[in-house]
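Step one of this worksheet: look at the structure below.
The values are calculated or read from the model by the stated rules, or taken from the named source; none is laboratory data. Just so you know, these numbers come straight off a predicted model, no measurement behind them. When we count neighbours, we look across all protein chains shown, and the Cβ atoms used for this are built from the backbone with ideal geometry, even at glycine.
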Amino acid sequence: MLDAPDGDGYRLRMRPAPACPEIAVVDLQVCDRCGLCLPLCPPEAIHLELTDLVVDRTTCTGCRKCIAPCPVGALTMVAA
Ligand code: SF4
Ligand code: SF4
């Protein structure tokens, strides 16, 4: 699914649409790559890519199950 055209150009319209209005994001300056949050995500939206953690905005359901367990507070919810 693609974002609705909004006059902001081809690149924005080609971004995958989020799965829900609010999604988790990770602050890579804070995340210590402990991996604790990966198995806590029901739809498996959190991945390690090379050495960085990535939340797949098309898969995150906004359930917040990853937020509180992060020992360093690196995960927060933002508008999708
Ligand atoms: S639990 Fe927090 S610190 Fe650990 S990998 Fe996930 S986001 Fe990073
Ligand atoms: S909010 Fe829920 S679905 Fe989204 S990354 Fe966190 S645990 Fe996964």
State whether one or more residues within region 54-64 are in contact with a Leu (Cβ under 8 Å, 6 or more places away or on another chain), more than 17 Å from Ala80 (Cα to Cα) and not hydroxyl-bearing (Ser, Thr, Tyr).
no
Which condition does Val54 not pass, out of (1) closer than 19 Å to Ala79 by Cβ; (2) within 9 Å of ligand 2 (Cβ to nearest atom), if it passes all the others?
(2)
Among Pro39, Pro71, which is the only one that is over 13 Å from Val25 (Cα atoms) and part of a helix (DSSP H, G or I)?
Pro39
Which ones in region 66-75 are closer than 17 Å to Pro43 by Cα and surrounded by 15 or more Cβ atoms within 10 Å (Cβ to Cβ)?
Cys66, Ile67, Leu75
Is it fair to say Leu12 is near ligand 1 (Cβ under 9 Å from one of its atoms), at pLDDT below 95 and outside any loop (DSSP other than H, G, I, E, B)?
no
